[in-house]
1. Report Rg (one decimal) and Dmax (nearest whole number) for region 1-62, counting Cα atoms only, units Å.
2. Build a GNM of the chain with springs between Cα atoms under 10 Å: which of 102, 43, 25 gets the top mean-square fluctuation?
3. Relative contact order (percent) for the chain, with alpha-carbon contacts under 8 angstrom and 6 or more residues of separation?
4. Quote the charge dipole size of the chain about the Cα centre in Debye, to the nearest 20; the model charges only the Cβ of Lys and Arg (+1) and of Asp and Glu (-1).
5. Which value, in debye to the nearest 20, gives the size of the charge dipole of region 16-76 about its Cα centre, when Lys and Arg are +1 and Asp and Glu are -1 at the Cβ?
6. How long are the three semi-axes of the equivalent ellipsoid of the chain, in whole Å, if each is the root of 5 times an eigenvalue of the C-alpha gyration tensor, listed from largest down?
7. Working out 0.36 nm times the residue gap between residue 56 and residue 68, then minus their Cα-Cα distance, what length gain in nm do you get to one decimal?
8. Out of 40, 70, 80, any idea which swings most in a Gaussian network model of the chain, alpha carbons joined below 10 Å?
Amino acid sequence: MAYFQWGNDMAIDNGPIDQDHQLLVEQVNTLHTATAEGRGHEVVGSLLEDIIRDTLSHIRHEEQQMEALGYPRLAEHKKGHERFVADLQQLRQRYHAGAITVAAQLSWLLRDWLSIHIRRLDKELARFILKKQRQGHAKALALAHHH
Ligand SMILES: [Fe+2]
Ligand SMILES: [Fe+2]
């Protein structure tokens, strides 16, 4: 049984953003399974590298999309991304310094990220995308009436 289940309420764009978030859910579950089998410390080093790499690319795409849409809360959202990356990098440093609690700390950090950042802040972006789509649709209808 997976530790963290993807929920439909987490859907943002039914596309690339969701795929990235789903990948992160898989990584959380990989970490959890490894920890349950006593291999948490063994896998956390390379998992952290993967998560940092995937997260940097994910937030770049998410921010590009927000810029393209003229998302009004971009600056605030970016701060959340920066804090998460800084937390991940700090865990990487602690891992290389020999800390043995990194797997547990990464697990907490990711759980917060999924439930607080994705379920609240990214979800706001989803609502904004929907609003934009409706406006675009209304505009297209108005134009059609005009002709
Ligand atoms: Fe995201
Ligand atoms: Fe985000």
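Each value in this text was obtained by applying a stated rule to the coordinates, not by laboratory testing. This is a predicted model, so every value here is computed, not measured. Heads up, the Cβs are rebuilt from the backbone with ideal geometry, glycines too, and the neighbour counts pull from every protein chain shown.
1. Considering region 1-62 through its Cα atoms, Rg and Dmax are 12.7, 36 Å.
2. 43
3. 31 percent
4. Details: 18 positive and 19 negative charges, 122 e Å.
About 580 debye.
5. On the way: 4 positive and 12 negative charges, 15 e Å.
Around 80 debye, computed over region 16-76.
6. Details: eigenvalues 263, 50, 22 Å².
Value: 36, 16, 10 Å, ordered largest first.
7. Length difference between fully extended and current span is 2.5 nm.
8. Greatest mean-square fluctuation among the candidates belongs to 70.
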